[in-house]
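Data block below; observations after.
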Amino acid sequence: MIGTRMKGLDVGKIMADFPILNRVVNGKPLAYLDNSATSQKPLQVMEAISHYYAHSNSNIHRGVHQLSAESTAAYEEAHSKAAAFIGASSMEEIVFTKNTTESINLLAYGLGSRLGKGDEIVVTQMEHHSNLVPWQQAAKRAGATLKFIEIDQKGELKMESIEGSITKKTRVVSVVHASNALGTVNDIRMIGEVAHENGSVFIVDGAQSVPHMPVDVKAIGCDFLAFSGHKMLGPTGTGVLFGRRDMLEETEPFIFGGDMIREVSFGESRWNALPWKFEAGTPNISGGIGLGAAIDYLQGIGMEKIEEQEKSLTSYAFKQLETIKGLKIYGPPPEKRIGVISFNISGVHAHDVAEILNGEGIAIRGGHHCAMPLMHLLGVAGSARASFYLYNTREEVDRLAAALEKVKKIFSV
Amino acid sequence: MEAIDTNYAGEGMYREFILDHFKNPRNFGTLENAEIRHREFNPLCGDQVEIFLKLNGDGAIQDVRHTARGCAISVSAMSMLSETLRGLTLREVAGMGKESMLGLLGIPIGPVRIKCALLPFYALKGGIIAYESRK
Ligand SMILES: Cc1ncc(COP(=O)(O)O)c(C=O)c1O
């Protein structure tokens, strides 16, 4: 296919692994540009899940029989794959959750004993609701204050606001690595240094970075990293919380029950070893195994290559969209962002843009992207958002640009 | 329901009359001394409408204004609905079902956009219910 081969990455071959990309939507070939919401899944992931159900399905950590041993090994191996993927020291530092939201909630509860009256929690003005609402609640419970690192006109964090908001009173700093609403990639390494100098815990929301670029927890210097398996080719219902071993040991579990305890008497319990003390009850075994297959797939291609191809596609999309009169793109220039482009066409609501694009077989998101305070700050009710992944092509970007011209024509703007 | 078609999508709903109501919403504005004033909000897309109704001595609607902001579907639905209300009693409005609202809009509405199409209708109903319960 023309336009599918980019520097070192054979997109045509990749596309063949994603059967859904053959779908026809409203009479047009599907162009899936809503990857920030969730990614599509390759055959390799589907096959890993059906193989598990067809061959090994049983509960883990509970039986001595063959199937249970196989399931346990496969589920634990998926943790090890996730650990290697982000440069963690061992699988003990990897907790499987159902998504980023659950990972962050685990921390907002589990770190609760660190928070007291007058303490401060710092997030940014560009957080997804899932890295905002749990901290609002944690602050309320503890009588702590929630503070915000401000953004500038370009949608980047203000340097002076980073240094101004993080102080000796700060107990938790939780910051999005790459914004799902603006595409901005934040300098989290630097923010982490400021957090640690002030004695604070440092948490990174990697929901939009881990799927799209190499992320190494030691290089970025975070204590915790939350991300979603379903946004990186894995099944829905999968997410990860990385925590540095010493940090996880100090974190209280927030779901209690079976599999998370070592010893229980009627009065009291002792927690199980890491990471199981955080995975109470029967987990999403098939999902975890599917996530392991997704990680294998991404590593087989290489995260550097994926990042490079998305950067090149994003620059191309910028050039195409910037020629459309009346279209405003929010956030920083392409060099400073992931493959997310948030925009509005003057005089047309984002929902109507998404609707007309849907008629062209193009899937984008229109709305507030779970970042209502940020949208408010930008002075808009919402925006249209196209977000790319490794299987997207220039041809699809061309179709996007043509469909946006059609939107303008229909609305006579 | 006839008006809902899951396969429906795209430009078909943007008929000329819809775009006309969207660009020039009728009865746009606010009313001082409105007996009924009610706001509805769709958190999913940020669409908002506030509706103002002035009643006459017989409890019929004498005047109507609204401040609909949002997508073409919700704004034009509010604009069209506002044109039908003068002279109706609250009882008559209360008897109005959502099918008649969709009928009024006169375009096929898919399941995704039905919330947009019905937002003004729920603002109207909500306003009347709040008013009745205050009486
Ligand atoms: C930056 C960011 N954080 C958190 C989330 C929440 O992810 P999930 O819905 O998988 O919990 C998202 C998902 O859209 C996101 O983009």
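Laboratory data are not the source of any read-out in this text; all were calculated from the coordinates shown. All of these numbers come straight from a predicted model, not from anything done at the bench. Every residue, glycine among them, receives a Cβ derived from its backbone with ideal geometry; neighbour counts consider all protein chains shown.
Structural remarks
- Pairs exceeding a 32 Å alpha-carbon distance, out of A:K231/A:K406; A:K154/A:K277; B:K54/B:K98: A:K154/A:K277.
- Charged neighbours of A:S161, selected by a Cβ distance under 10 Å, balance to -2 (K, R count +1; D, E count -1).
- Kyte-Doolittle at least 0.5, axis length at least 20 Å by Cα - qualifying DSSP helices, chain A: A:285-301
- The helix-only estimate of mean residue ellipticity at 222 nm for chain B, built from DSSP H runs of length n ≥ 4 each weighted as -39500 (n - 2.57), is -12500 deg cm²/dmol after division by the residue total.
- Rounded FRET efficiency, nearest 0.05, which uses the C-beta distance separating A:K169 from A:E322 and R0 of 30 Å: 0.10
- Separation in nanometres of the label points that stand 7 Å from Cα toward Cβ, at A:E249 and A:L146: 3.2 nm
- Partners of A:K168 within straight-line reach, counting lysines whose Cα lies under 27 Å from its Cα and excluding those fewer than 8 residues away in the same chain: A:K117, A:K140, A:K147, A:K158, A:K218.
- Simple point charges give the picture: +1 on the Cβ of Lys and Arg, -1 on the Cβ of Asp and Glu, and for the stretch A:1-77 a dipole about the Cα centre of about 400 debye.
- Taking 0.36 nm per residue of separation and subtracting the current Cα-Cα distance, fully stretching the chain between A:T236 and A:T282 would add 14.9 nm.
- Max mean-square fluctuation residue, GNM over chain A, Cα-Cα springs under 10 Å, options A:T38, A:T101, A:T238: A:T38
- Counts of other chain beta carbons within 10 angstrom of each beta carbon in peptide B:41-52 average 3.
- Debye, to nearest 20: dipole size of chain B, +1 on Lys, Arg Cβ, -1 on Asp, Glu Cβ: 340 debye
- The simple spin-label model puts a point 7 Å past each Cα toward its Cβ; for A:D259 and A:N26 those points are separated by 4.2 nm.
- Helices that extend 24 Å or more along their long axis by alpha-carbon positions and average at least -0.5 on the Kyte-Doolittle scale are, among the DSSP H runs of chain B, B:114-134.
- Among A:S383, A:S50, A:S103: highest mean-square fluctuation, GNM of chain A, C-alpha pairs under 10 Å: A:S50
- Additional length obtainable on full extension of the chain from A:S269 to A:S58, 0.36 nm per residue less Cα span: 73.4 nm
- As a calculated quantity, the FRET efficiency between A:E160 and A:E335 at R0 = 25 Å, using C-beta atoms, amounts to about 0.65.
- For B:T84 and B:R134, the difference between the fully extended length at 0.36 nm per residue and the C-alpha to C-alpha distance is 15.5 nm.
- Between the residues B:C71, B:F22, B:I51, the greatest Cα displacement towards the positive end of the dipole of the stretch B:1-101, with unit charges on the Cβ of Lys, Arg, Asp and Glu, is found for B:I51.
- Taking Cα centre as origin and charging only the Cβ of basic (Lys, Arg, +1) and acidic (Asp, Glu, -1) residues, the dipole magnitude of the stretch B:83-135 rounds to 180 debye.
- Average other protein chain Cβ within 10 Å of Cβ, residues A:359-371: 2
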